[in-house]
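We did not get these values from a lab; they are worked out from the coordinates using the rules stated. No experiment lies behind these values; they were computed from the predicted model shown. Heads up, the Cβs are rebuilt from the backbone with ideal geometry, glycines too, and the neighbour counts pull from every protein chain shown.
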């Protein structure tokens, strides 16, 4: 639903483990992360970012940009499976920053199928 592998053909840009500061002819990792998102959006290139990777996760409406309506569906499904207290337990700064830690009451109450037993 909101996997970074949602496209039939993909290209990965890996920057694992590399941390660098800005130099005269090299933007910082933070600047690079922001610019990468800006350029993809400016050129209408659909993209996702692997969760947990170096990225500008605070970029405005990033989850909606990457996952469209599926970001909202994910919030609804998460809210249906977890109580509000448990949703808080299973939240972190990342989910809060990207906007996926929200909790919605009374959503998708029929999501869990009963076997009738």
Please check which bits of the stretch 55-72 a label hung off residue 20 would reach, taking the label as a point 7 Å along Cα-to-C-beta and the cut-off as backbone N under 20 Å.
-> 55-57
Potential extension, residue 104-residue 61 segment - 0.36 nm per residue separation minus Cα distance = 13.6 nm
Express in whole angstrom the spacing between the alpha-carbon centres of the stretch 71-88 and the stretch 9-39.
-> 32 Å
Calculated from DSSP helices alone, with each H run of at least 4 adding -39500 (n - 2.57) and the total divided by the residues of the chain, [θ]222 nm to the nearest 500 comes to -11000 deg cm²/dmol
Compute the FRET efficiency between residue 77 and residue 97 as 1/(1 + (r/R0)^6), taking r as their Cβ-Cβ distance and R0 = 30 Å, and round to the nearest 0.05.
-> 0.90
With a 10 Å radius around each residue's Cβ, average the other Cβ atoms per peptide and rank 80-92, 59-71, highest first.
-> 59-71, 80-92
Do you know the relative contact order of the stretch 29-98, to the nearest whole percent, from alpha carbon pairs under 8 angstrom that are 6+ apart?
-> 31 percent
Over the chain, with a single point scatterer placed on each C-alpha, what log10 of the ratio I(q)/I(0) does the Debye formula yield at q = 0.14, 0.23 1/Å?
-> -0.71, -1.36
With a ≥ b ≥ c the root eigenvalues of the C-alpha gyration tensor of the stretch 29-98, is it rounded (a/c under 1.5), prolate (a/b larger than b/c) or oblate?
-> oblate
